[in-house]
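Structure first, commentary second.
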Amino acid sequence: MASSDRMMVVTGGTSGLGYECARNLARDPRTKVVITGRDGTRTRELAATIGAHGMALDLSSRQSVGAFVAELVAADLPPLSGLVCNAGVQFTRRTLTADGVEATFATNHLGHLGLILDLLDHFTAPARIVLVSSGTHDPDQFTGMPHPLHATAHELAYPPPPTESAQRDARRRYTTSKLANLQTAYHLARELAPRDITVNAFDPGLMPGTGLARDASTFQQLAWKTIARALVVFPGVRTPRGSGADLAWLVAAPDREGTTGQYLVRRTPVRSSVASYDEPVQQALYRDSVELLAELDARR
Ligand SMILES: NC(=O)c1ccc[n+]([C@@H]2O[C@H](COP(=O)([O-])OP(=O)(O)OC[C@H]3O[C@@H](n4cnc5c(N)ncnc54)[C@H](OP(=O)(O)O)[C@@H]3O)[C@@H](O)[C@H]2O)c1
């Protein structure tokens, strides 16, 4: 058995926000941190730089999620007490996974929901789950991003051909997935309360320079990495380092014990979009997503 007494998993811990969150968590010797990334070798190397454990996980693949959970459960690691659902993608055109599902929805929403459900019996209470969302889910905030869609999980997984530009459609899929992260957090907060597992959502703010723009054009990537960094003086614009510390605090700080069903910006609870609070819609998304996961598993 390792000397730490608890384990926390950070998905997408190889870059940007996830790496900074994991780096903060790993400073506490009581916590064994597991970071995930799609390339196992690269993830293990990056994990070693912060004293964490690295494992391969591709959230867009049910097969990969299953293999990750099996590896985690079999490993000689302390009890699981925290899961940060951080990994995220934003495409510039319609992209499908190997399972044939729209890739933004599959990775940002469905992959994380499947991971949470597969890990559920392996948490040691009291435990915490945090889902990383984004202010772009909220049509009442000016973010320059298209408003999220309101559709069933099946419609989002298997959408009809785009009726707007490929880039706008892909961005709308992103804001829709970030709304789904919030709806899932609120729903699971209620469902998991009897198990003493808290569930919250977090908005890291705009963090120019992370890998999120990796699918964008060379010019857009250059702007994201250089010009946009100058925006850091504006409110709502953050660094991965600053937001990573806030995210680590939310999943690990003793005074957050019992906090559940909240959406936080920095370290402050805020209101999310009006639509995100609709409980029947949250439930419908959850039920339909669970059905989708079962269908995907049956095809494996
Ligand atoms: N940057 C922003 O302005 C901003 C604003 C609001 C919210 N967010 C949210 O913050 C979170 C982190 O984003 P970031 O900006 O830090 O982006 P990032 O630097 O691109 O990090 C994304 C992480 O996700 C992992 N990842 C990508 N595809 C994956 C897949 N299919 N399966 C598993 N892991 C995958 C990547 O790891 P590998 O490539 O090693 O697999 C990487 O570690 C995301 O949820 C994003 O939506 C970001």
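The values are calculated or read from the model by the stated rules, or taken from the named source; none is laboratory data. Bear in mind the structure is a predicted one, so any value in this text is a computation, not a measurement. Cβ coordinates were reconstructed from backbone atoms using ideal geometry, including for glycine residues, and neighbour counts include every protein chain displayed.
Could you tell me whether A56 is within 11 Å of the ligand (Cβ to nearest atom) and of a type in the set (A, V, I, L, M)? Steps first, please.
On the way: within 11 Å of the ligand (Cβ to nearest atom): yes; of a type in the set (A, V, I, L, M): yes.
For A56, the condition - within 11 Å of the ligand (Cβ to nearest atom) and of a type in the set (A, V, I, L, M) - is met.
Condition test on G18, is it near the ligand (Cβ under 8 Å from one of its atoms), buried (at least 19 other Cβ atoms within 10 Å of the Cβ), assigned to a helix (DSSP H, G or I) and not hydrophobic (A, V, I, L, M, F, W, C)? So that I can check it myself, show each step before the final result.
Details: near the ligand (Cβ under 8 Å from one of its atoms): yes; buried (at least 19 other Cβ atoms within 10 Å of the Cβ): yes; assigned to a helix (DSSP H, G or I): yes; not hydrophobic (A, V, I, L, M, F, W, C): yes.
Answer is yes for this residue.
Which of (1) among the β-branched types (V, I, T); (2) over 30 Å from T92 (Cα atoms); (3) within 14 Å of the ligand (Cβ to nearest atom) does T210 not meet, given it meets every other one?
The one condition T210 does not meet is (2).
Kindly list, by first and then second residue, each pair from a residue in region 237-257 that is touching a residue at least 24 places away in the same chain (Cβ under 8 Å) to a residue that is surrounded by fewer than 17 Cβ atoms within 10 Å (Cβ to Cβ) and part of a helix (DSSP H, G or I), limited to pairs with Cβ atoms under 7 Å and residues at least 6 apart or on different chains.
As it stands, the answer is V237/L231; T239/V232, since those pairs meet every condition given.
Between residues in region 279-300 that are loosely packed, with under 15 Cβ neighbours inside 10 Å and residues that are modelled with pLDDT under 95, which pairs lie under 8 Å by C-beta distance while being six or more apart or on different chains?
R299/D99
Examine region 66-78 for a residue that is under 19 Å from Y174 (Cβ atoms), surrounded by 21 or more Cβ atoms within 10 Å (Cβ to Cβ) and of a type outside the set (A, V, I, L, M), and state whether such a residue exists. Steps first, answer last, please.
Keep residues of region 66-78 that are under 19 Å from Y174 (Cβ atoms), which gives none.
Checked against the condition, which is being under 19 Å from Y174 (Cβ atoms), surrounded by 21 or more Cβ atoms within 10 Å (Cβ to Cβ) and of a type outside the set (A, V, I, L, M), region 66-78 yields no hits at all.
If I filter region 258-278 down to residues being assigned to a strand (DSSP E or B) and touching a residue at least 12 places away in the same chain (Cβ under 8 Å), which single residue comes out as surrounded by the most Cβ atoms within 10 Å (Cβ to Cβ)?
Taking region 258-278 first, the residues assigned to a strand (DSSP E or B) are 263-265, 268-269.
Checking which are touching a residue at least 12 places away in the same chain (Cβ under 8 Å) leaves us with 263-265.
Numbers: Y263: 25, L264: 21, V265: 17.
That would be Y263.
Residues are listed down the side, and each one gets a yes or a no for (1) under 25 Å from T124 (Cα atoms); (2) touching a Phe, Trp or Tyr at 6+ places or on another chain (Cβ under 7 Å); (3) β-branched (V, I, T):
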{"position": "L231", "(1), (2), (3)": "no, no, no"}
{"position": "T239", "(1), (2), (3)": "no, no, yes"}
{"position": "A245", "(1), (2), (3)": "yes, no, no"}
{"position": "A252", "(1), (2), (3)": "yes, no, no"}
{"position": "G261", "(1), (2), (3)": "yes, yes, no"}
{"position": "L264", "(1), (2), (3)": "yes, yes, no"}
{"position": "A275", "(1), (2), (3)": "no, no, no"}
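Could you go through region 41-55 and let me know if any residue there is in contact with an Asp or Glu (Cβ under 9 Å, 6 or more places away or on another chain), buried (at least 16 other Cβ atoms within 10 Å of the Cβ) and not aromatic (F, W, Y). Don't jump to the end; show me each part of the working.
Going through region 41-55, the residues in contact with an Asp or Glu (Cβ under 9 Å, 6 or more places away or on another chain) turn out to be 54-55.
Subset that is buried (at least 16 other Cβ atoms within 10 Å of the Cβ): 54-55.
Narrowing further to those that are not aromatic (F, W, Y): 54-55.
Yes, some residue in region 41-55 is in contact with an Asp or Glu (Cβ under 9 Å, 6 or more places away or on another chain), buried (at least 16 other Cβ atoms within 10 Å of the Cβ) and not aromatic (F, W, Y).
Here are some conditions: (1) at pLDDT 95 or above; (2) buried (at least 21 other Cβ atoms within 10 Å of the Cβ). M207 meets all but one. Which one does it not meet?
Condition (1) is where M207 drops out.
Do we have D169 as among the acidic types (D, E) and either under 20 Å from the mean Cα position of the chain (by Cα) or surrounded by 23 or more Cβ atoms within 10 Å (Cβ to Cβ) (or both) here? Steps first, answer last, please.
On the way: among the acidic types (D, E): yes; either under 20 Å from the mean Cα position of the chain (by Cα) or surrounded by 23 or more Cβ atoms within 10 Å (Cβ to Cβ) (or both): no.
Against the criterion (among the acidic types (D, E) and either under 20 Å from the mean Cα position of the chain (by Cα) or surrounded by 23 or more Cβ atoms within 10 Å (Cβ to Cβ) (or both)), D169 does not qualify.
Based on what the data block shows, is T11 within 19 Å of L250 (Cα to Cα), away from the ligand (no atom under 11 Å from the Cβ) and touching a residue at least 12 places away in the same chain (Cβ under 8 Å)?
Numbers: within 19 Å of L250 (Cα to Cα): yes; away from the ligand (no atom under 11 Å from the Cβ): no; touching a residue at least 12 places away in the same chain (Cβ under 8 Å): yes.
No.
Take region 124-142 and flag every residue that is buried (at least 21 other Cβ atoms within 10 Å of the Cβ), more than 14 Å from T176 (Cα to Cα) and in contact with a Pro (Cβ under 9 Å, 6 or more places away or on another chain).
Matches in region 124-142: A127 only.
Quick one: would you say R93 is touching a residue at least 40 places away in the same chain (Cβ under 8 Å), of a type in the set (K, R) and under 30 Å from R168 (Cα atoms)?
On the way: touching a residue at least 40 places away in the same chain (Cβ under 8 Å): yes; of a type in the set (K, R): yes; under 30 Å from R168 (Cα atoms): yes.
Yes; evaluated as a whole, the condition is true for this residue.
Which residues, counting only those in region 21-37, are in contact with a helix residue (DSSP H, G or I) (Cβ under 6 Å, 6 or more places away or on another chain), farther than 16 Å from G242 by Cα and within 16 Å of the ligand (Cβ to nearest atom)?
Within region 21-37, V33, I35, G37 qualify.
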